[in-house]
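Everything below concerns the one structure shown next.
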Amino acid sequence: MNFLIITHVPHSLKNNQYLGYAPYFREMNMWFKYVEKVKVVAPLQLHETSALVSAYKHSNLNFVEVPRFSIVSLKEKLLSILKLPLLIFQISKAMIWADHIHLRCPGNMGLLGCLVQIFFPSKAKTVKYAGNWEPNSKQPLSYKLQKWIVSNTLLSKNIKVLTYGKWPNQTKNIIPFFTASFSEVEIEEVEKNFSGELKFLFVGSLVEGKQPLYAIRLVEKLKNSGRDVSLKIFGEGPLRPDLENYIQTMNLSTCITVCGGVPLDQLKDQYKRSHFSILPSKSEGWPKAVAEAMFFGCIPVATRVSCVPWMLENGKRGILLNEELEKDLTKLNEVLENRGELQKMATEAMNWSQHYTVEYFEKEIKNLL
């Protein structure tokens, strides 16, 4: 099978290997196990900017470099118009070659892929929509356009659209999906003791959209109310200096630490040691930090975005935030008073997440191909 990927994910080349954001590359390597030839159409950058990188693993892979483009500002839109003929030509040429077309959405390359695939109705296709599929959520126009095209069964033929969460009133080509980080052999019963220090962690990029400062302030409020709590922050991003400055200014360094980005095996140990994982994100697809924490009985504390309410069964398997600091603090304090309920919540979270293993994920990928 000739397997084609159209993606906006930046790639870098080092020692004849294509590298990039580790979770994406690990996932694609699972797809590669079931195909003979791979072609990737994506932008290439000189240096890898992420600390967490991985490489493609396939003996017959061809990379087609295309120029990066953006449609945010007027200048970028005008430049993108000049690049469009080459982009459309490269994507069309690759789709002619392919037996199976795999689009990564939402993104600029995904948008072009969605448009060009209309002219290849007989080709088998999958779309991995890694963003928020919630029908009523506020999203950029380009995202809504991608969702509309791939949902439209008249425009998009022979296609399976993989979305996070289960949503009502969807077309027949929309398939609820998931992702996975841990194997069946890593399943274990992790006992949590909620009688001593309560350990929180934040895992994610240190950017505005993830709201790491909100996580810090929430733990700060808990500390000031007399709770024995601590917070470790794992991730990198432009907000790191500001967060460290806030921690120092507010004299929080004894209980809050910015640890930077670490590999998954180190995070796994932290999930086991921690009681709660905070993710007050403004937007998500499938939040890996939530599912990974739940795998080891770490209770998620997260905002009501994307499929998070479904993952947490509307509060049965975790704590849903409203992004109002005092109200969220009151809610957390109420939950923390009931150790029995906390233990039950941790067990529910663990049992649910341990269903979504790497083996199950690979099985479902194989069925798609």
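The values are calculated or read from the model by the stated rules, or taken from the named source; none is laboratory data. None of the values given here were measured: they were computed from a predicted structure. Virtual Cβ from ideal backbone geometry, glycine too; neighbours counted across all protein chains shown.
Quick rundown of the values:
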{"quantity": "Residues (closer than 18 Å to P287 by Cβ and either touching an Asp or Glu at 6+ places or on another chain (Cβ under 9 Å) or not assigned by TED's automatic domain parsing to the domain that holds V301 (or both)) located in the range 321-345", "calculated": "L321, N322"}
{"quantity": "Test: residue in the range 59-75 that is under 27 Å from the mean Cα position of the chain (by Cα), in contact (Cβ under 8 Å) with a residue 60 or more places away in the chain and either exposed (fewer than 14 other Cβ atoms within 10 Å of the Cβ) or over 24 Å from Q139 (Cβ atoms) (or both)", "calculated": "no"}
{"quantity": "Tally of residues being of a type in the set (A, V, I, L, M, F, W, C), modelled with pLDDT of 95 or more and closer than 22 Å to P23 by Cβ across the range 112-132", "calculated": "1"}
{"quantity": "Residue match in the range 187-201 (condition: in a helix (DSSP H, G or I), assigned by TED's automatic domain parsing to the domain that holds E337 and more than 30 Å from P121 (Cβ to Cβ))", "calculated": "no"}
{"quantity": "Selected residue [closer than 30 Å to F120 by Cβ, part of a loop (DSSP other than H, G, I, E, B) and under 25 Å from the mean Cα position of the chain (by Cα)] from T163, T153, T179", "calculated": "T179"}
{"quantity": "Sole exception among (1) buried (at least 16 other Cβ atoms within 10 Å of the Cβ); (2) small (G, A, S); (3) closer than 19 Å to D99 by Cβ for A22, by number", "calculated": "(3)"}
{"quantity": "Residue within the range 282-295 that is surrounded by fewer than 16 Cβ atoms within 10 Å (Cβ to Cβ) and within 19 Å of E348 (Cα to Cα) present", "calculated": "no"}
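Residue by residue, here is whether (1) in a helix (DSSP H, G or I); (2) not charged (D, E, K, R) holds:
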site	(1), (2)
S283	no, yes
G297	no, yes
S306	no, yes
E326	yes, no
L332	yes, yes
G340	yes, yes
M345	yes, yes
A349	yes, yes
E364	yes, no
